[in-house]
Amino acid sequence: MQSVAMRIIYKGVFHWFLKLIVGVQFTDCQFLKKEKQFIILANHNSHLDTLSLLSSLPGNLLWKVKPVAAEDYFGKTRFQASISNFFINTLLIRRKGEKDSEHDPIRKMLEAIDAGYSLILFPEGTRGKSEQMGKIKSGIARILSLRPEVKYIPVFMTGMGRSLPKGKMILLPYKASVYYGIPTLVKSTDTHEILDQITGDFEVMKEKYQVVIDEEEE
């Protein structure tokens, strides 16, 4: 039931709303169907980000992909957590307060991976400035060092922070894009080297697609 609901919501409604009303351009990511499992790593500028990423995915993969989200924001109450888990398929993690072994974010993400799920993760840990990628936190490096057989996919998004800036509630139409990188395995299990590898991938993507942004604004 959840898989059908998500497919209707994200492919039948939000995909077209974001494309036709907001102006989001989705690059083809049908290649994801060939990947058994993956972790999407994306820059985070807006609350539109998760919605856009889910709407970009092939419909039959939606129920297999869990966006990692803050429990204190998306799961303040049991009802809110239930809604987030059903309609967004969230993996809620605790980022504030006491973190025992049961609520350890790394453990929860590893358990989801071991259960066969793919993840959507914003490695900056919070929303940053539009068209930028902030400093990547070490959590993703720890996960990939422990599960080096799982590929990560860098995704660079543009325009989201202008359509719905941090702290704003009004959605403005603006030409935005979701660019997918190549599914990649880590070259090392050393966390510092993994962070360098991921950071390098995003630098390449930003340089590549910044050209597109500049040309669009001229």
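The values are calculated or read from the model by the stated rules, or taken from the named source; none is laboratory data. Bear in mind the structure is a predicted one, so any value in this text is a computation, not a measurement. Here the Cβ is made from the backbone with ideal geometry for all residues, glycine too, and neighbour counts use every protein chain on show. Please note that ligands, DNA and RNA were not included when accessible areas were found on the heavy atoms of the full protein model with its side chains. Shrake-Rupley method; radii C 1.70, N 1.55, O 1.52, S 1.80 Å.
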Go through the stretch 62-79 and count every residue that is in contact (Cβ under 8 Å) with a residue 40 or more places away in the chain and open to solvent by 10 Å² or more (accessible area, probe 1.4 Å). 4
Any idea which of R7, R107 is touching a Ser or Thr at 6+ places or on another chain (Cβ under 8 Å), modelled with pLDDT under 95 and either closer than 26 Å to P154 by Cβ or in a helix (DSSP H, G or I) (or both)? R107
Failed condition for E98, given (1) surrounded by fewer than 21 Cβ atoms within 10 Å (Cβ to Cβ); (2) modelled with pLDDT of 85 or more; (3) over 24 Å from W16 (Cβ atoms): (2)
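Every residue, every condition in (1) surrounded by 14 or more Cβ atoms within 10 Å (Cβ to Cβ); (2) closer than 21 Å to D49 by Cα; (3) modelled with pLDDT under 95, yes or no:
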site: E102; (1), (2), (3): no, no, yes
site: P123; (1), (2), (3): yes, yes, yes
site: S130; (1), (2), (3): yes, yes, yes
site: I136; (1), (2), (3): yes, yes, yes
site: R147; (1), (2), (3): yes, no, no
site: I153; (1), (2), (3): yes, yes, no
site: K187; (1), (2), (3): no, no, no
site: D201; (1), (2), (3): yes, yes, yes
Residue count, the stretch 29-61 (criterion: in contact with a strand residue (DSSP E or B) (Cβ under 8 Å, 6 or more places away or on another chain), outside any helix (DSSP H, G or I) and open to solvent by 30 Å² or more (accessible area, probe 1.4 Å)): 2
